[in-house]
Ligand code: SAM
């Protein structure tokens, strides 16, 4: 399977009500609030609002996300997606990077990252075609040149030579347990590349198991960044795995095995 074509037009409808509802976002991006050393440009802020409008509209047709209130959307989709990029806010990439967002759903974290980092070419991957039909239309409407979609399962794509070992960054949020996320993401990385696992709570069990799983896949758990979300003080953790060796050919295992029998 490959990139999908568009269905109905989802031309963004940015009503005055949406502009009004998202006005607070401007102040929320303040670094004292986000803890990022960064604020969006006017163009990036406009793209975030356009993305929000498109998702509200797409939700009617595709049932994409339950996070639709303006404050929730800002915190749980935009801020949360960008939280994993703190190291790249601190040291912006000086050359083009390739990234893959595994199980992107309605585009998070990958689409928010593509808006902020034009030097990162982001592949948005998901096994559900209808979500990517929607995302293709959004990418077109927002005029994003550095994002594209692929319909496939992580277990299949991670074994294909065009994708295996080809990415500098792999993002994965809300797709499954930490071991599954590692098995899905690390095979896509080049040696030296980084997988960012977006987690909520971080349990003792996960802390005990993940370093061994990371090693098995040819990577090392290098950092666990705890976060408190800026509006509701929710618990988040961004977990970073850096690849140092090729992943053994047996990973990712066949479809279904990573979830049925996590490493
Ligand atoms: N990452 C998005 C987010 O955080 O908002 C979406 C999370 S959603 C709960 C999980 C997504 O992962 C779904 O869109 C599902 O289709 C996709 N997914 C689950 N297993 C997958 C697999 N093996 N390969 C590709 N996509 C998968």
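The values are calculated or read from the model by the stated rules, or taken from the named source; none is laboratory data. The structure presented is a predicted model; accordingly, all values stated were derived computationally and were not measured. Note: ideal-geometry Cβ built from the backbone for every residue, glycine included; neighbour counts use all protein chains shown.
Provide a single number: the residues in the range 53-86 that are within 26 Å of residue 225 (Cβ to Cβ), assigned to a helix (DSSP H, G or I) and within 16 Å of the ligand (Cβ to nearest atom).
Count: 12.
Identify all residues within the range 87-107 that are more than 8 Å from the ligand (Cβ to nearest atom) and either surrounded by 20 or more Cβ atoms within 10 Å (Cβ to Cβ) or assigned to a strand (DSSP E or B) (or both); write none if there are none.
88, 97, 98, 99, 100
Kindly check whether there is at least one residue in the range 125-133 that is surrounded by 19 or more Cβ atoms within 10 Å (Cβ to Cβ), out of contact with any strand residue (DSSP E or B) (no Cβ under 8 Å at 6 or more places or on another chain) and more than 21 Å from residue 198 (Cβ to Cβ).
Yes: one or more hits.
Which residue, of 182, 147, 214, is without any contact (Cβ under 8 Å) to a residue 60 or more places away in the chain and under 13 Å from residue 240 (Cα atoms)?
214
May I ask you to list the residues in the range 119-157 that are more than 9 Å from the ligand (Cβ to nearest atom), touching a helix residue (DSSP H, G or I) at 6+ places or on another chain (Cβ under 6 Å) and not in a strand (DSSP E or B)?
Those that are more than 9 Å from the ligand (Cβ to nearest atom), touching a helix residue (DSSP H, G or I) at 6+ places or on another chain (Cβ under 6 Å) and not in a strand (DSSP E or B): 130, 134, 138, 142, 144, 146.
Based on this model, can you work out whether residue 230 counts as under 23 Å from residue 76 (Cβ atoms), touching a helix residue (DSSP H, G or I) at 6+ places or on another chain (Cβ under 9 Å) and in a loop (DSSP other than H, G, I, E, B)?
Criteria met by residue 230.
Do you know which residues across the range 108-118 are in contact with a strand residue (DSSP E or B) (Cβ under 9 Å, 6 or more places away or on another chain) and in a helix (DSSP H, G or I)? Reasoning before the result, please.
Residues of the range 108-118 that are in contact with a strand residue (DSSP E or B) (Cβ under 9 Å, 6 or more places away or on another chain), as a first pass: 108-111, 113-115, 117.
Residues satisfying the conditions are 110, 111, 113, 114, 115.
Residue by residue, here is whether (1) more than 16 Å from the ligand (Cβ to nearest atom); (2) modelled with pLDDT of 95 or more; (3) loosely packed, with under 15 Cβ neighbours inside 10 Å holds:
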| residue | (1), (2), (3) |
| --- | --- |
| 165 | yes, yes, no |
| 171 | no, yes, no |
| 178 | no, yes, no |
| 182 | no, yes, no |
| 186 | no, yes, no |
| 196 | no, yes, no |
| 199 | no, yes, no |
| 222 | yes, yes, yes |
| 226 | yes, yes, yes |
